1. Which aspartates and glutamates, if any, have their Cα less than 13 Å from the Cα of B:K247, not counting same-chain residues under 8 positions apart?
2. In the calculated pair distance distribution of chain B, what percentage of Cα-Cα distances lie above 28 Å?
3. 5 Å is the cut-off here: which amide hydrogens, built 1.01 Å from N in the peptide plane, fall below it relative to A:A239, excluding neighbours closer than 5 in sequence?
4. Taking a cut-off of 23 Å between Cα atoms, list the lysines near B:K29, but don't count ones fewer than 8 places away on the same chain.
5. Determine the relative contact order of the stretch A:1-99: mean sequence separation of Cα pairs under 8 Å and six or more apart, normalised by residue count, in whole percent.
6. Using only the alpha carbons of the stretch B:192-317, what is the convex hull's orientation-averaged projected area in square nanometres?
7. B:S291 to A:D203: FRET efficiency via 1/(1 + (r/R0)^6), r the Cβ-Cβ distance, R0 51 Å, to the nearest 0.05?
8. Can you give the accessible area of A:W55, probe radius 1.4 Å, in Å² rounded to 10?
Amino acid sequence: MVDLVDKAREIRVEIIKMLAKAESGHTAGALGIADFFACLYFGGLINFKKEEPYWEERDRVVLSCGHYAPVQYAALALAGFFPIEELGSLRKLGSRLQGHPVRQIKYFGNNDKQLPGIENTGGPLGQGVSVAVGMALASKMDKKKWSVVCVSSDAEQQEGQTWEAYQCAAKYGLGNLTFVIDRNEIQISGNLGEVMPIEPLKDKLTAFGLRVFEINGNNMVEIMEAFGKGKLFPGQPKAIILKTMAGKGVSFIEGNYRWHGRAPTSEEAEKALWELK
Amino acid sequence: MNLVNDLINVERKATREGFGEAMSLLGKKNKNVVVVTADLGESMKVDDFERENQNRFIQVGVAEQNLMGVSAGLALSGKIPFAVSYAVFNPGRNWDQLRVSVCYTNANVKIVGGHSGVTVGPDGATHQALEDIAITRVLPNLMVVVPCDFEQAKKATFAIASFKGPVYLRLTRPKTACITTATTPFELGKAQVLREGKDITIFACGSLVYEALLAAEEVRGEVDIEVINVHTIKPIDEETIIRSARKTGKVITLEDHQINGGLGGTVAEVLGEKNPTKMIRMGMKDCFGESGEPGELLAKYELDKNGVIKTIRKILND
Ligand SMILES: [Mg+2]
């Protein structure tokens, strides 16, 4: 049995290291949701084959809030999709670890520029939510068993496109689709409740036809339980609201919106890594 | 080229009807073809496809951003989705989704924009897409196709379904002249010399190719016009454009679209760089359209046969 708590800690360490080296990027969101990514890739929530990243029967993980890229890159590397040393190339010229994750289909020949495990191109908020709906529709159309997990941020719910996607998921009864929403209460220019309130989020999602679970997103037992409960509703798309602490694990980053869109300096990284030991 | 024999007494059918017929056939032939639409299935003529393939017809309602994103997700799962709506919305409203979820990703989505150009008519300027060629042809990986009539729309639909990669297909609402036939050749990316001439070249696309042919016929004896149907705006057929421009030395472009950024812009870029040629761009001159019958609008904005003849005289006398 994998120690999920330790995996989450490893993910956080890699996030800090790669962002400090890149000298730019988004820190708080990635750190806050690391516990969920540990559950996702190490807790058995999804089926995948690291040696065959685009195996047809795999479950799809769509990262819609592309600025969370470091957490997915760290989790994929730790899960063995690509060498962990490659994390050091984040945001550098020629890297497969672009500032925001990229999926690029190549129809002829090998696609050696593709970072294994990435399912979608994410960045402009809201887009991945629709892409996830399209994937889930395809799976359902072909009566496949694979399912889709879509990760979006709380501020992403301010985008109209997310609601277009939810109504569609509900209409088609996409029980194979789980929307995971990271409720860390911050966004780039301030606290979410001040920039643009999204309350009552749970009621809104419920009204849009989703089966909603609201949990402590930094508690792995609750995460695993929510996914388990979701299986009880096979004909309905699920939403799991993860109430997380932005910047979780590093005291001077926690809860501070100013860490949404910045990377640690080398001194800050040293302090953070010491705290994460 | 096996065009119709009589250009005056032509049959009239809409390009969207050709598209709809092709989709129905494709639905039977290729089980991976999926139609996604935003409340406009019937007027985009995919109602037959819907009836015949209910499991492969996705209705997202009036939500064009989701239309594009869902199509990208289907394509990433091995489907060949046709994202179908009016051009003002698709790619007008969902250009960001087209750029990132489809083009950057190189997802195999066919974007079908109907009701393009002033020939939409009475609905007025809000619904007349006059910028769609410009905003699509700047996107890497995206092919841009503008069929000139019913038969060509049909052939183009089959061709883009077989082509791997994103394509924008531009369609129109009214019944327009059928000038090509079932046996007229069609190849993506290859412009067609529909009429050879030595004095002036008219590069046209869409339903206005017909107006160019009519004008060329009317000035026959006085001036010898070459008419080229540029049905693929991207990738542009540079070779055919340069060869003809070298021959005639005078070029007119004609499109139901803004003169900036569309076919005229494309041809100007090619010739400006490789073979500077005297040139006049015909199209909407940096203005919006308005309500009216298609014929009235083409006359008012001088995009019909008479407008073309006027421009022919102008470029001759300049
Ligand atoms: Mg947030």
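1. The qualifying aspartates and glutamates are B:E196, B:D199, B:D224, B:E226, B:E239.
2. For chain B, the fraction of Cα-Cα distances above 28 Å is 34 percent.
3. A:F179, A:R211, A:V212, A:F213
4. Straight-distance partners of B:K29: A:K140, A:K143, A:K144, B:K45, B:K79, B:K110, B:K154, B:K155, B:K164.
5. Rounded, it is 33 percent for the stretch A:1-99.
6. 7.0
7. The calculated FRET efficiency here is 0.75.
8. Its heavy atoms expose roughly 60 Å² to the probe.
The values are calculated or read from the model by the stated rules, or taken from the named source; none is laboratory data. Everything numeric here is computed off the predicted structure, so don't read it as measured data. In this analysis, Cβ positions are derived from the backbone assuming ideal geometry, glycine residues included, and neighbour counts consider all displayed protein chains. The protein model used for the area step is the full one, side chains on, heavy atoms only, and it has no ligands, DNA or RNA in it. Shrake-Rupley method; radii C 1.70, N 1.55, O 1.52, S 1.80 Å.
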